[in-house]
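Encoded as C-alpha cells, the structure appears first; notes follow it.
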Amino acid sequence: MDRNRFSAIAHQHHAFSNPINEAKLMKMIQLLSLKPQDKVIDIGAGKCELLIRLVEEFKITGTAIELYEGAIEEAKRKATSRIPEGSIEYIVGDAKAAVQKQEGYDLGICIGSTHALGGLDTTLQAMKRLVNKNGYILIGEGYWKQRPCSEYLQALGGAAESDLKSHAENVIVAEELGMVPLWSYVANEDDWDDYEWLYSSSIENYCHENPDDPDCDAMLARIRSWRRTYLQWGRDTLGFGLYLFRNS
C-alpha cells in the first residue's frame, strides 16, 4: 500500500490537511496584509489550496514545495481554472534540498510538515533565512496537551515524547530565534473530530465503493487502527497549533 495514495484518499474531502478549522486559518491570513507580487513559500504544500487562495485574494506569487507528485498534479488541475498561469512555481522533491536555493520571501508557510525539514527547530531556523526581515512566518505544529502514555507512543509507530513540545514551548522556540509571536490558534475538540472523522470516513467510503481495489484490506486495517488510537488516546493527548510570527 502506497502511503501517499492512502493519505490522498483520506484527505480528498479536506480543504486543508490539518485540524485547524478553515475560519481560524482564514482569519489569521487576514492579519498578514499581503500585497500584490509579495513572494510566499509553502513547504509541504500538499494540494496547494492555501497558496491558490492567497493568489486569488492578494495576487501574490507563490512557491510550493511538496514531496508527493500526485498532490502537485491535483494542485495544478485546481489552479488552472482559478488563478493566472505561472502564479505558483511547483517544486516536487525533498524540502531540505529544495530550500537551499530559495530566499527573499515575504511569507513562509509550513503547516503540519515541519518533519520535512527535520522538526520545528530546524524549520524555524530555515524560515529565518528564507523570509525577509519583518516578513511573516506561519507554522502549524503538533504539541502534547498532556504527557503521552507509552501505549499511545507505541500505537503511533514508536514515537517518542521528545518528538513534540508543549504549546508554550512551540512559541518559545521561535522567540529564542528572535521572532515575534503575533497570533496563535489551536484545534479544539470539535476541530479534531471534524478532521479525524472525515479522514477515516473517506477511507471507509472509498473501500465500500471500490471493493476490488487490492489495497482495500490494508487501508481498512490501517484506518481502523488509527481511529481506535485517536479515540482512546489521541483526542485527549495530541494538540495542534497554528502560529504566526514576525521575522524581526
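Data overview
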quantity	calculated
The range 205-226 - residue that is buried (at least 16 other Cβ atoms within 10 Å of the Cβ) and among the charged types (D, E, K, R) and, of those, nearest to His11 (Cα to Cα)	Arg222
Enumeration of residues in the range 166-192 that are of a type in the set (D, E, K, R) and within 17 Å of the chain's Cα centre (by Cα)	Asp191
Enumeration of residues in the range 227-248 that are aliphatic (A, V, I, L, M) and either buried (at least 17 other Cβ atoms within 10 Å of the Cβ) or in contact (Cβ under 8 Å) with a residue 12 or more places away in the chain (or both)	Leu238, Leu242, Leu244
Hey, Ala75 buried (at least 18 other Cβ atoms within 10 Å of the Cβ), under 20 Å from Ala15 (Cβ atoms) and under 20 Å from the mean Cα position of the chain (by Cα) or not	yes
Residue satisfying all of: in the range 4-23; in contact with a helix residue (DSSP H, G or I) (Cβ under 7 Å, 6 or more places away or on another chain), small (Gly, Ala, Ser) and assigned to a helix (DSSP H, G or I); surrounded by the fewest Cβ atoms within 10 Å (Cβ to Cβ) among these	Ala8
Residue check, Leu31 touching a strand residue (DSSP E or B) at 6+ places or on another chain (Cβ under 8 Å), under 30 Å from Ser200 (Cβ atoms), in contact (Cβ under 8 Å) with a residue 24 or more places away in the chain and not hydroxyl-bearing (Ser, Thr, Tyr)	no
Among residues of the range 97-135, those that are hydroxyl-bearing (Ser, Thr, Tyr), over 13 Å from the mean Cα position of the chain (by Cα) and buried (at least 17 other Cβ atoms within 10 Å of the Cβ), counted	1
Subset of the range 169-206 (residues that are among the β-branched types (Val, Ile, Thr), under 30 Å from Gln125 (Cα atoms) and in contact (Cβ under 8 Å) with a residue 12 or more places away in the chain)	Val171, Val173, Val180, Val186
Residues satisfying the stated conditions in the range 55-108, i.e. in contact with a helix residue (DSSP H, G or I) (Cβ under 7 Å, 6 or more places away or on another chain), under 24 Å from Gln30 (Cα atoms), outside any strand (DSSP E or B) and not small (Gly, Ala, Ser)	Ile60, Lys78, Arg82, Ile83, Glu103
Selection status of Ala159, crowded, with 19+ Cβ neighbours inside 10 Å, within 20 Å of Asn18 (Cβ to Cβ) and of a type in the set (Gly, Ala, Ser)	no
Residue within the range 125-137 that is of a type in the set (Gly, Ala, Ser) and either modelled with pLDDT under 95 or touching a Gly at 6+ places or on another chain (Cβ under 9 Å) (or both) present	yes
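The values are calculated or read from the model by the stated rules, or taken from the named source; none is laboratory data. Note that this is a predicted model, so its numbers are computed, not measured. Here the Cβ is made from the backbone with ideal geometry for all residues, glycine too, and neighbour counts use every protein chain on show.
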